[in-house]
Amino acid sequence: MLRTASVTIGSCFLALLIILSLMSSKQAARDRQRQEAIRQWEMENAEEAALQQKAPRLAPAVQEVRADPNYNADKDIDDLRSSDREVVNEAIQRIQSHRACKAVPDLLYLLETSKDDYIAGISAQTVAVCRDRSAYDTIVDQFLRRDDTPSMIDAIGKIETSDERVPEKLDRLISEPNPDEDVPRFASHVKSQFHLVQNVGHQ
């Protein structure tokens, strides 16, 4: 009987270790995703601020991101179809940093079909960076229906929309508790952008 009890205790302890290990792994993955989203957000904001400072002195053509002759956009577009999540993630990050906007149709497909909200979010963010107005309604639709990620919120802040449900959802994200502390912060930043646009429009 003592042996049976020892085996039972040992099994429970082993199961507890496995559960703790899985929880730790998931938390680490969420932390990496959040840090990557923040890095992209800060990089985009710094880049946009630099362009705005130079805007009065530069012609529009000069403000475009210069193409890297060594960058292979087609390879990254092919990688978007990979079953490996990290391969897809890295491909989207490169497409965004190089403004490879020929990938927009493939990114929209990911945005609409991926069950991974993080992948959908950075896809939306990259499409928004490309300023493809024909894709704005799709970004809004996915923002309203999906679980919230900093990247998806950032994408909403980069596009133009008159959909009243967008600021309403941003208000909820700001006021309601969220397990991801960056979600209310991103939502507050984007909501302030909406106010600025509205104020400019009324002047």
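The values are calculated or read from the model by the stated rules, or taken from the named source; none is laboratory data. Worth saying up front: this structure is predicted, and the values here are computed from it rather than measured. Reconstructed Cβ throughout: ideal geometry from the backbone, glycine too, with neighbour counts over all protein chains shown. Note: areas computed on protein heavy atoms with side chains; ligands, DNA, RNA excluded. Shrake-Rupley method; radii C 1.70, N 1.55, O 1.52, S 1.80 Å.
Keeping all protein chains in place, calculate the accessible area per residue for segment 140-199 (probe 1.4 angstrom), answer in Å².
53
May I ask you to order 77-88, 154-165 by the average number of other C-beta atoms within 10 Å around their residues, highest value first?
With the highest mean Cβ count within 10 Å placed first, the list reads 154-165, 77-88.
Have a look at segment 88-203 and give its Rg and Dmax from the Cα atoms, expressed in angstrom.
Answer for segment 88-203, Rg first and Dmax second: 13.7, 43 Å.
For segment 131-191, how big is the tail of P(r) above 18 Å, as a whole percent of Cα pairs?
For segment 131-191, the fraction of Cα-Cα distances above 18 Å is 25 percent.
Plugging the Kirkwood radius over Cα pairs into Stokes-Einstein for segment 100-155, at a temperature of 37 °C and a viscosity of 0.692 mPa s, what D comes out in µm²/s?
This corresponds to a translational diffusion coefficient of 309 µm²/s.
Spin-label point model (7 Å from Cα, Cβ direction): what's the Arg85 to Ser175 distance in nm?
Inter-label distance under the simple model: 3.3 nm.
Using a 1.4 Å probe on the protein chains only, how many percent of the accessible area of segment 61-143 belongs to carbon and sulfur?
Here carbon and sulfur together make up 46 percent of the probe-accessible area.
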